[in-house]
Amino acid sequence: MQSNPAAQIVLPTGRTPEPVYRSFADRGGSLADATIMLLDEFGLPPRSHARCDNMLQRDLLDRLEEPPARLLTWNTAAEDLDAMCADMDVEAQRGIDLVILGIGGNGHLGINEPGTPSDAPSRVVELHAETAAATSRYGAETAPTWGVTLGLGPILRASAVWLLATGAHKAAIVRAALEGPIGSEVPASYVRRHENAIVFLDEAAASDL
Ligand code: F6R
């Protein structure tokens, strides 16, 4: 990130990136010239602890000396959610330099749940039960039923993709994504078709490979 400070970068939230963000901030990393786009958002009230925008604020932005040059988040209160998502795709079309991703226990990327085709645009999505339940780990009092996400299409058109996974609870899905068939059943498997993708795993997440 520091070698191209004016980059357009898409960032995830959740447990996996939090230590990366802490370490980036502790080392004095700066995003002051970068455009940061949030990867996705849950249909939760603005102040919910589990909203991705609030997580990004707490886990990364509050730790930086300066805010990013531009911050693009998802307005889940928009009257026309489809138009709001289309606007995010227009932003993505300006050229995303790097998308950083976590992987869901069911293989989702962002909130591109299993069954999503690889060219899916950004859109409103229904959360799978597992994804909805996982939000309690982020402090959601009531589980969301829907969300909005950057589509697999714009994710896979980014110049670079980094997929991060940590912990033994991710080992089985990491194996399915990296060694199983490439297809919509495990959306994370599509990163293998990207010509500039890097997968970062800790030992536990890599233990089934
Ligand atoms: C979060 C996101 C999700 C998470 C995934 C893993 O913005 O897009 O796809 O990356 O659910 O979550 P954690 O890291 O909490 O295990």
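Here are the numbers for this structure:
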{"quantity": "Additional length obtainable on full extension of the chain from Val124 to Thr145, 0.36 nm per residue less Cα span", "calculated": "6.5 nm"}
{"quantity": "Percent of C-alpha pairs per 10 Å bin, segment 118-202, short to long", "calculated": "15, 40, 39, 5, 0"}
{"quantity": "Percent of Cα pairs exceeding the 17 Å cut-off, where the set is segment 28-121", "calculated": "59"}
{"quantity": "Derived scalar couplings ³J(HN,Hα) [segment 144-149; Karplus, 6.51 cos²θ - 1.76 cosθ + 1.60; whole Hz; x for Gly, Pro]", "calculated": "x, 9, 9, x, 10, 8"}
{"quantity": "Hypothetical label at Leu209: residues of segment 132-169 whose amide nitrogen lies under 16 Å (7 Å Cα-Cβ projection)", "calculated": "161-169"}
{"quantity": "Cα gyration tensor of the chain - equivalent ellipsoid semi-axes, whole Å, descending", "calculated": "23, 20, 18"}
{"quantity": "Charge sum, other residues only, whose C-beta stays under 13 Å from Ser30's C-beta, Lys/Arg counted +1 and Asp/Glu -1", "calculated": "-2"}
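Read-outs throughout are calculated quantities, based only on the coordinates presented, and are distinct from any laboratory measurement. Because the structure is predicted, anything quoted here is derived from the model rather than measured. Note that we place each Cβ from the backbone using ideal geometry, even for glycine, and neighbour counts take in every protein chain shown.
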